There are 2 protein chains.
Amino acid sequence: MSPMTAARSRFSPADRPQLGLRERKKIKTREAIRDATYALIKEQGYDATTIEQIADRAEVSPSTVFRYFPTKEDIVLTDEYDPLMVEELRARPADESWIDSLRHVIHMALDTMMAEDPEVVRMRAHLGIQIPAVRSRMVESMSETGRLIRESIAERTGLDPDSLEVRVYAMSLTGGLMEVYMHWAENDFRGELRDLVDRALDVLEHGLPTENP
Amino acid sequence: MSPMTAARSRFSPADRPQLGLRERKKIKTREAIRDATYALIKEQGYDATTIEQIADRAEVSPSTVFRYFPTKEDIVLTDEYDPLMVEELRARPADESWIDSLRHVIHMALDTMMAEDPEVVRMRAHLGIQIPAVRSRMVESMSETGRLIRESIAERTGLDPDSLEVRVYAMSLTGGLMEVYMHWAENDFRGELRDLVDRALDVLEHGLPTENP
DNA sequence: CATGAAATGAAAGTAACTCTCAAAATCTAG
DNA sequence: CTAGATTTTGAGAGTTACTTTCATTTCATG
């Protein structure tokens with residue numbers, strides 16, 4: 001069994017028999033498309049992999065592929081972790097400084113993803129530095145995470161989440177975190193992503209190390 | 001004369017007779033393509049404007065359009081300001097704090113662009129929030145600017161420009177600045193971009209206003 | 001089982017981008 | 001000024017992501 005298939009564990013239809021046959025089939029189709037995509041990209045690279053090939057291997061029609069994922073990049077990047085992060089963020093104690101909350105939530109998300117399928121985490125980062133469209137989609141979803149961060153900041157500081165200051169601050173955080181991910185991939189995944197995130201958050205909180213000695 | 005054409009002034013072939021006919025024609029073609037694109041987008045919107053229409057109006061073939069600009073977004077976004085910024089950055093006194101240098105360079109770039117063609121500055125921001133591909137290309141070019149910032153930081157602090165810390169810091173700056181631009185566009189271009197940048201740089205330098213009272 | 005709703009597949013269409021090659025414009029020598 | 005080398009352009013055909021439409025199949029429900 002390839003490590004790719006490990007990702008199925010948590011969301012596989014077998015785990016939720018309460019769903020109707022229709023819903024279970026949809027989940028299976030989603031997984032089939034994603035698995036086919038990962039496998040083909042691994043074999044031939046991203047650009048050489050066409051939607052038609054993906055459809056063939058997943059045993060669906062090309063139209064169905066587009067019904068499940070709006071773009072090719074989304075097949076690679078879409079996951080179901082965002083709701084988990086929201087939930088986890090809400091569960092944090094109200095008096096915790098929000099940057100600690102953030103640190104905690106990111107740790108949790110990373111741990112979950114690395115436990116479930118580290119190869120996919122690496123492949124995504126790798127595609128992120130190689131394929132502009134993928135990187136672009138990554139930035140996009142980081143921005144959505146940025147909105148989360150803004151709400152969290154607003155809740156804890158009383159500032160307006162749509163103010164220039166909060167937006168700039170949140171985006172600087174997400175930009176910095178994005179850069180961690182890219183740095184990790186560009187340096188051949190050396191070091192624990194978790195530790196790199198901590199170093200990044202320190203920079204974001206206190207500035208560059210030697211700046212104010 | 002439409003405000004669009006004002007952008008020609010500084011780079012128009014008439015200003016540099018030292019160039020051969022070939023080079024002067026190339027500059028003219030570039031401008032023709034860009035002017036046609038801006039005009040068509042203004043008339044019909046971005047998506048409704050095809051490369052074929054652009055080619056027609058610029059009186060070149062579609063192949064030629066792609067020879068001058070790799071993608072449709074590039075027609076809208078590519079400009080010649082980067083070399084100017086590099087030059088300006090080098091000209092700053094060595095003992096100036098690099099964030100002040102940055103502030104100065106951005107002010108200069110903004111002033112130049114707003115003086116030359118404010119409508120284009122606004123149109124780009126507007127397209128940036130509406131068209132994902134354009135926003136993506138904007139982020140891309142901000143990343144290139146980010147590399148500039150890293151070198152500047154490295155020169156002045158002695159840190160490694162490729163270290164995680166410097167990369168994270170630089171990207172947090174560029175991300176924050178990008179957000180200023182988007183915020184300005186989303187709020188109907190209210191306020192001076194210059195002032196917004198100053199507020200953003202304050203946040204990036206000192207954190208959120210009420211954070212450490 | 002029958003009826004309605006949802007999911008699928010087939011097919012045709014659009015538009016961005018690529019590649020190739022021949023024609024045209026410009027440059028350079030003599 | 002002309003001949004030949006070089007560069008730029010246009011025409012055309014091809015690829016592929018993505019859209020839209022519609023008939024068919026598959027599942028849910030009473």
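In region A:35-53, the count of residues that are in a loop (DSSP other than H, G, I, E, B), more than 13 Å from residue A:127 (Cβ to Cβ), in contact (Cβ under 8 Å) with a residue 12 or more places away in the chain and within 7 Å of DNA strand D (Cβ to nearest atom) is zero. Is it the case that residue B:26 is surrounded by fewer than 18 Cβ atoms within 10 Å (Cβ to Cβ), more than 16 Å from DNA strand D (Cβ to nearest atom), assigned to a helix (DSSP H, G or I) and modelled with pLDDT of 95 or more? In short, no.
Among the residues of region B:62-102, how many are more than 9 Å from DNA strand C (Cβ to nearest atom) and more than 14 Å from every other protein chain (Cβ to nearest Cβ)? Spell out how you get there, then give the answer.
Residues of region B:62-102 that are more than 9 Å from DNA strand C (Cβ to nearest atom), as a first pass: B:64, B:68, B:76-102.
With the extra rule that they be more than 14 Å from every other protein chain (Cβ to nearest Cβ), the set shrinks to B:64, B:68, B:76, B:78-96, B:101.
Looking only at that region, the number is 23.
When residue A:131 is tested against (1) over 30 Å from residue A:25 (Cα atoms); (2) away from chain B (no Cβ under 14 Å); (3) among the hydrophobic types (A, V, I, L, M, F, W, C); (4) within 15 Å of DNA strand D (Cβ to nearest atom), exactly one condition is not met: (2).
The condition of being at pLDDT below 95 and within 15 Å of DNA strand C (Cβ to nearest atom) does not hold for residue B:43.
Can you work out which of the residues in region B:183-213 that are more than 24 Å from residue B:114 (Cβ to Cβ) and facing chain A (nearest Cβ under 8 Å) is surrounded by the fewest Cβ atoms within 10 Å (Cβ to Cβ)? Going through the qualifying residues, I end up with B:210.
When region B:136-172 is filtered for residues that are under 23 Å from residue A:202 (Cβ atoms), touching a Gly at 6+ places or on another chain (Cβ under 9 Å) and more than 7 Å from chain A (Cβ to nearest Cβ), the ones remaining, listed by number, are B:146, B:170. Assess whether residue A:105 counts as being touching an Asp or Glu at 6+ places or on another chain (Cβ under 6 Å), crowded, with 16+ Cβ neighbours inside 10 Å and without any contact (Cβ under 8 Å) to a residue 12 or more places away in the chain. Considered against the rule, which asks whether it is touching an Asp or Glu at 6+ places or on another chain (Cβ under 6 Å), crowded, with 16+ Cβ neighbours inside 10 Å and without any contact (Cβ under 8 Å) to a residue 12 or more places away in the chain, residue A:105 comes out as no. Name every residue in region A:60-72 that is free of Cβ contacts under 8 Å to residues at least 24 places away in the same chain and either part of a helix (DSSP H, G or I) or surrounded by 15 or more Cβ atoms within 10 Å (Cβ to Cβ) (or both), in order of residue number. Answer for region A:60-72, where residues must be free of Cβ contacts under 8 Å to residues at least 24 places away in the same chain and either part of a helix (DSSP H, G or I) or surrounded by 15 or more Cβ atoms within 10 Å (Cβ to Cβ) (or both): A:62, A:63, A:66, A:67.
Each row is one residue, and each column tells you yes or no for (1) open to solvent by 30 Å² or more (accessible area, probe 1.4 Å); (2) in the same structural domain as residue A:138 (by TED's automatic domain parsing).
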{"site": "A:31", "(1), (2)": "no, no"}
{"site": "A:48", "(1), (2)": "yes, no"}
{"site": "A:53", "(1), (2)": "yes, no"}
{"site": "A:58", "(1), (2)": "no, no"}
{"site": "A:83", "(1), (2)": "yes, yes"}
{"site": "A:90", "(1), (2)": "yes, yes"}
{"site": "A:94", "(1), (2)": "yes, yes"}
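Pairs linking a residue in region B:185-213 that is modelled with pLDDT of 95 or more to a residue that is loosely packed, with under 15 Cβ neighbours inside 10 Å and basic (Lys, Arg), with Cβ atoms under 8 Å and 6 or more positions apart or on different chains, do not occur.
The values are calculated or read from the model by the stated rules, or taken from the named source; none is laboratory data. Predicted model, so just to flag it, every value in this text is computed and none were measured. For neighbour counting, all protein chains shown are included, and Cβ atoms are generated from backbone atoms with ideal geometry for every residue, glycine included. Only protein heavy atoms, including side chains, enter the accessible area calculation; ligands, DNA and RNA are left aside. Shrake-Rupley method; radii C 1.70, N 1.55, O 1.52, S 1.80 Å.
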